[in-house]
Structure formats: C-alpha cells, structure tokens
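> Please find one structure pasted underneath; my questions will follow.
The values are calculated or read from the model by the stated rules, or taken from the named source; none is laboratory data. Because the structure is predicted, anything quoted here is derived from the model rather than measured. Cβ sites come from the backbone with ideal geometry, for glycine too, and all protein chains shown count toward neighbours. Note: accessible area is taken over every heavy atom of the protein model, side chains too, but ligands, DNA and RNA are not part of it. Shrake-Rupley method; radii C 1.70, N 1.55, O 1.52, S 1.80 Å.
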Amino acid sequence: MTIVHDRLTATIDAATGGRASAIHLHGPRGCGKTWWLDQAARYATEHDMTVSRARGSAEDGELPFAALSALLAPFRDRLDDPAWTVLRQVVSFDHRHVDAFEVKIAALQLLCALAGERPLCLLLDDIHLFDAASTEVLAFTMRRAEADSIACISTSTHDRSATSTATVRLDPMTAPSISTMLVARGLGHVAAARCAEAADGNPGIAIALAAGLTEAQRAGYAPVAVLP
C-alpha cells in the first residue's frame, strides 16, 4: 500500500514541479483501482491541481473520442475559442469533418495550455475500455508533454498502457491492512475487522460498508451483523 501511495504522490509531485509524469496501475477486478484513483484525485486537489477524469466502458468503446470528450468536458467553456474548433466538435460528437491528426495537435496544445495555468491531473479509469481514437490522442499528448505540469494516472486489468511506461501492479489488500486503514478513519477495531473481511481485498468496498454502519456499530457499542 505504501509503495503504491508513494508512486502516485511522486507522479503528482513531479507534475506540480513542472515535469510531465505518468503511471499505470493494473491488477484484477476488485483490487481497488478506482479507489486508488480517488486517493490520487484527493491528493492532486490538495496540491492545487486541476483534476479531470474519464472512465472507459464497453458501451462507448466503439464510439470515437468518447473518452476524450469526457476528459475535456470540464473545459467546455474554453472550447468556444476558434482555436479549439476541432475539440468542440469532438465534445459535441460531431465527427463528420474531423481530422484525427488535428485532434491530436489541438488536444496537446489545449492540455499544455491548461497545465501552464495550473498543474493538471488526468485520471483514466479502465483505460483498456477507452475507444481507440481517444487512446491515441492521449498517448500522443503524453509522449510530447515532457516539460509541462501534467500528471497522467491510468488504471486497467491489463499490465500495459499507451500513456505510460511506468507501471505498478495492484493486488487485493490484505484484511489487516484494510482494517488498519479503517481504524485510522475512526472505526472501532471489531467493526473495522468485519468490514475488512467482507470487502475481500477492495478498500473502496470496505469504506462503503463502514459508511453504512450506525454510530454505535462504528464505535463498537453494538454488534455488526454478518456483512454481504
């Protein structure tokens, strides 16, 4: 857990220091990939970064630029500038006259411009489900954004990502580690152990289970029923 945390914070710290950095987290379903992205988002926000996030889905995997559109959605108001016409078309899913190379150049210029105003953190969840067009644009950007304040963190069940050569394998967290984390969040030891056991290695599920307990259960004054 400490190794993953350190690698994530180092990636973000590099970007806030003016150097683009990327890392890919991979592992089986249920190992907490999305939870780690949540931690990265929180850390980046605490360090005054702009955070933008996109999640891949099987339904949108065949829709060109679907993931890129989601990633650029927070900056929609910037796309009225004629310089970003092609990106406005992408966000609007108007692909009739879109040139893929123009999208790559425009995306690179926009993301670098945004990073020049405030360090930028891109979170790419389930990148193996991204549409091919979006993946190509993001890979193109990260290969060229060397001296720009951009952190790119991707997750996948696959061990490789087009946006990063640095990878970290995530394995399901042990129940004692999850329990320790919950206790640090104010949960009683008994309740923490029950939630950790039920979470089956996924810290995000453990936190959700803990959130559903009563105050008496959290403090250890009331029994915690067998969790699903």
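> So, in region 27-74, of the ones that are among the β-branched types (Val, Ile, Thr) and out of contact with any Leu (no Cβ under 7 Å at 6 or more places or on another chain), which residue ends up surrounded by the fewest Cβ atoms within 10 Å (Cβ to Cβ)?
Among those residues, the one meeting the criterion is 45.
> Scan 172, 119 and give me the residue that is in contact (Cβ under 8 Å) with a residue 60 or more places away in the chain, touching a Gly at 6+ places or on another chain (Cβ under 6 Å) and more than 20 Å from residue 70 (Cβ to Cβ).
After applying the criteria, what remains is 172.
> In region 100-121, which residues are within 19 Å of residue 61 (Cα to Cα) and either in contact with a Cys (Cβ under 7 Å, 6 or more places away or on another chain) or of a type in the set (Gly, Ala, Ser) (or both)?
100
> Somewhere in region 75-83, is a residue under 21 Å from the mean Cα position of the chain (by Cα), open to solvent by 50 Å² or more (accessible area, probe 1.4 Å) and not polar (S, T, N, Q)?
yes
> I've got another one for you. Could you figure out which of (1) under 30 Å from residue 74 (Cβ atoms); (2) surrounded by 20 or more Cβ atoms within 10 Å (Cβ to Cβ); (3) at pLDDT below 95 isn't true of residue 211?
Checking residue 211 against (1) under 30 Å from residue 74 (Cβ atoms); (2) surrounded by 20 or more Cβ atoms within 10 Å (Cβ to Cβ); (3) at pLDDT below 95, the one that fails is (2).
> Just one of the numbered conditions (1) charged (D, E, K, R); (2) part of a helix (DSSP H, G or I); (3) more than 30 Å from residue 25 (Cα to Cα) is not true of residue 94; which one?
So the condition that residue 94 fails would be (2).
> For the condition out of contact with any Gly (no Cβ under 8 Å at 6 or more places or on another chain), free of Cβ contacts under 8 Å to residues at least 60 places away in the same chain and open to solvent by 20 Å² or more (accessible area, probe 1.4 Å), what is the one hit in 139, 166, 100?
100
> Next question, about the same structure. Output the number of residues of region 103-121 satisfying the condition of being surrounded by 14 or more Cβ atoms within 10 Å (Cβ to Cβ) and either hydroxyl-bearing (Ser, Thr, Tyr) or assigned to a helix (DSSP H, G or I) (or both).
Qualifying residue count for the region: 13.
> For region 59-86, which residues satisfy the criterion of being outside any loop (DSSP other than H, G, I, E, B) and over 22 Å from residue 154 (Cα atoms)?
76, 77, 78, 79, 80, 82, 83, 84, 85, 86
> From (1) touching a Gly at 6+ places or on another chain (Cβ under 9 Å); (2) open to solvent by 20 Å² or more (accessible area, probe 1.4 Å); (3) at pLDDT 85 or above; (4) within 27 Å of residue 53 (Cβ to Cβ), pick out the condition that doesn't hold for residue 200.
Result: residue 200 passes all but (3).
> Can you confirm whether residue 1 is at pLDDT 95 or above and either under 28 Å from residue 170 (Cα atoms) or hydrophobic (A, V, I, L, M, F, W, C) (or both)?
No: the conditions fail for residue 1.
> (1) open to solvent by less than 10 Å² (accessible area, probe 1.4 Å); (2) out of contact with any strand residue (DSSP E or B) (no Cβ under 8 Å at 6 or more places or on another chain); (3) within 29 Å of residue 208 (Cα to Cα); (4) not in a loop (DSSP other than H, G, I, E, B): which one isn't true of residue 23, the others all being true?
(2)
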